[in-house]
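Below: one structure, written as structure tokens.
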Amino acid sequence: MSRFWSPIVHTLSPYVPGEQPKGDGLIKLNTNENPYAPSARALAAIAVATERLRLYPDPGASHLRETIANRYGVAAEQVFVGNGSDEVLAHAFQALLQHDAPLLFPDITYSFYPVYSGLYGIRYEEVPLDAAMRVQIADYRRPCSAILLPNPNAPTGIALGRDAIEALVAGNPDKLVVIDEAYVDFGAESAVPLVARHDNLLVVQTLSKSRALAGLRVGFAIGQRPLIEALERVKDSFNSYPLDCLALAGAAAAIEDDAWFQETRGRIVASREALARDLSELGFEVLPSMANFVFVRHPGHRGAALAGRLREEGVLVRHFRKPRIEDFLRITVGTEVECARVIALLRRLTSSCPRQRGAIVPSCPSNGPSRTDRAW
Ligand SMILES: Cc1ncc(COP(=O)(O)O)c(C=O)c1O
């Protein structure tokens with residue numbers, strides 16, 4: 001705290017990202033990164049781009065936008081790119097979601113949404129997921145200015161079909177609907193094909209997950225021209241060059257490398273299904289995931305305790321201290337070897353205390369306090 005702070009700084013509750021450990025040696029299944037190395041074509045393009053570091057990058061990111069446009073069958077003018085989808089979302093909050101009526105998003109969802117709302121002074125209402133942790137479109141029939149949904153949702157991994165998204169968009173023609181598709185490439189249906197028919201739809205995606213480029217920081221949005229223009233106006237009032245020339249080159253090459261994309265996402269989906277099956281066999285409740293993570297809880301063990309014990313064994317997973325989900329773990333799908341390790345550990349940890357079906361066992365030594373993350 002300082003007397004030099006602007007008043008708003010006192011009110012902010014910043015986002016707490018998942019742990020990024022300094023040393024090697026941990027199996028890192030806590031921030032939904034891709035377990036495989038990025039496309040070799042992307043890495044080669046980045047190497048070539050180092051020769052241009054003396055110069056400012058293209059402020060309009062025209063080559064990357066054209067590449068994304070070709071891939072998704074839209075016009076380059078319908079594409080906006082930013083420094084990670086977090087920045088794209090932040091610009092959407094400021095450019096499109098700041099209105100008198102509240103913004104709606106699920107009560108259990110990506111925890112950056114309330115943070116951006118706080119930063120930009122946006123009133124929001126959280127719409128509870130149903131008892132099965134699903135988004136019910138009918139629950140969004142209430143006064144609002146806009147609706148923001150991740151699809152698949154995070155951290156549940158549960159996806160809505162394109163028909164449900166279209167029903168939401170068509171049923172709210174005067175409200176903007178933003179669909180955050182950070183995890184869509186792992187099996188869900190993208191809403192991008194709906195953009196041509198609906199001027200109130202903005203779809204946001206990232207290269208952090210399915211393209212294994214979390215460190216490059218590239219995200220994008222697709223929508224009709226007036227929505228993209230609003231994002232550009234905010235971006236050009238904030239930072240002309242949010243993507244450096246390495247990111248522009250690497251991202252375009254990654255989008256073009258469809259062979260790498262199809263192979264790695266297929267492996268991740270297969271590993272997810274095996275992981276979900278193995279966890280079910282250990283007695284975990286596994287939510288049906290269409291993402292590169294699974295969200296699970298065990299009837300006999302506290303989530304915090306299991307996360308703490310896994311960490312002691314060198315495996316990082318994500319745990320959230322939040323009502324309704326405090327006994328869940330979010331486990332990123334790793335390599336086949338990493339998944340086998342986490343299953344072997346969980347087999348040992350969950351069999352170390354007698355399990356009581358349908359009840360948490362507070363007296364079990366493995367249920368003690370542990371170090372966990374505060375947000376997701
Ligand atoms: C639902 C969701 N949206 C957006 C993001 C942001 O991704 P990035 O800023 O790396 O593109 C994440 C990151 O984990 C996420 O889970």
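The values are calculated or read from the model by the stated rules, or taken from the named source; none is laboratory data. Keep in mind that what you see is a predicted model, and the values were worked out from it rather than measured. All Cβ positions, glycine included, derive from the backbone under ideal geometry; neighbour counts span all protein chains shown. Heavy atoms of the whole protein, side chains included, go into the accessibility calculation; ligands, DNA and RNA do not. Shrake-Rupley method; radii C 1.70, N 1.55, O 1.52, S 1.80 Å.
Structure above, values below:
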{"item": "Two-site FRET efficiency, ALA75 against ALA47, from Cβ-Cβ distance with R₀ of 35 Å, rounded to 0.05", "result": "0.70"}
{"item": "Within straight-line cross-link reach of LYS235, lysines at Cα separation under 29 Å, skipping those fewer than 8 residues along the same chain", "result": "LYS175, LYS209"}
{"item": "Distant-in-sequence amide H partners of VAL315 (H built 1.01 Å from N, under 5 Å)", "result": "ILE27"}
{"item": "LYS209 - accessible surface, heavy atoms, 1.4 Å probe, Å² rounded to 10", "result": "30 Å²"}
{"item": "Solvent exposure, largest accessible area first (probe 1.4 Å, DNA, RNA and ligands not counted), of ASP24, ASP180", "result": "ASP24, ASP180"}
{"item": "Top positive-direction residue, dipole computed over the chain with Cβ charges, set PRO35, LEU104, GLY161", "result": "PRO35"}
{"item": "Loop-located trypsin sites (Lys or Arg not before Pro) in the range 108-158, at most 14 other Cβ atoms within 10 Å (DSSP)", "result": "ARG123, ARG141"}
{"item": "Helix 336-351 axis, angle to the chain major axis (alpha carbon atoms, nearest 10°)", "result": "40 degrees"}
{"item": "Cβ-derived FRET efficiency at R0 25 Å, ASP58 paired with ALA37, nearest 0.05", "result": "0.40"}
{"item": "For the chain, built as a Gaussian network whose Cα springs stay under 10 Å, the top-fluctuating residue of SER351, SER208, SER280", "result": "SER351"}
{"item": "Spatially proximal lysines relative to LYS22 (Cα-Cα < 18 Å; intrachain offsets below 8 disregarded)", "result": "none"}
{"item": "Degrees, to the nearest 10: 245-256 long Cα axis against longest axis of the chain", "result": "70 degrees"}
{"item": "Net charge of neighbours whose Cβ lies under 15 Å from the Cβ of ASN70, counting Lys and Arg as +1 and Asp and Glu as -1", "result": "-3"}
{"item": "Value at 222 nm in deg cm²/dmol, rounded to 500, when DSSP H runs of n ≥ 4 in the chain each add -39,500 (n - 2.57)", "result": "-10500 deg cm²/dmol"}
{"item": "Selected from ASN172, ASN151, ASN34 as most flexible by GNM, with the chain as the system and alpha-carbon contacts under 10 Å", "result": "ASN172"}
{"item": "Kirkwood estimate for the range 1-40, i.e. one over the average of 1/r between Cα atoms, Å", "result": "14.2 Å"}
{"item": "Counted charge near ARG197, where neighbours are those whose Cβ lies closer than 12 Å (Asp, Glu -1; Lys, Arg +1)", "result": "-1"}
{"item": "Mean projected area in nm² (Cα convex hull; one quarter of hull surface) for the range 115-247", "result": "9.1 nm²"}
{"item": "Theoretical gain in end-to-end length, ARG225 to ARG141 [0.36 nm per residue, Cα-Cα removed]", "result": "27.6 nm"}
{"item": "Principal axes of the range 245-290: Cα extent on each, largest first, Å", "result": "48, 19, 13"}
{"item": "Positive minus negative residues near TRP260 (Lys, Arg vs Asp, Glu; Cβ under 9 Å)", "result": "-1"}
{"item": "Rounded tilt (10° steps) of 162-171 against the dominant C-alpha axis of the chain", "result": "60 degrees"}
{"item": "Calculated SAXS-style log₁₀ I(q)/I(0) at q = 0.06, 0.13 Å⁻¹ - the chain, Debye, Cα scatterers", "result": "-0.23, -1.10"}
{"item": "Cα gyration tensor, the range 273-331 - rounded (a/c under 1.5), prolate or oblate", "result": "rounded"}
{"item": "Angstrom value of the Kirkwood radius, inverse mean 1/r, which spans all Cα pairs in the range 195-238", "result": "11.7 Å"}
{"item": "Contact order normalised by residue count of the chain, Cα under 8 Å, 6+ apart, percent", "result": "23 percent"}
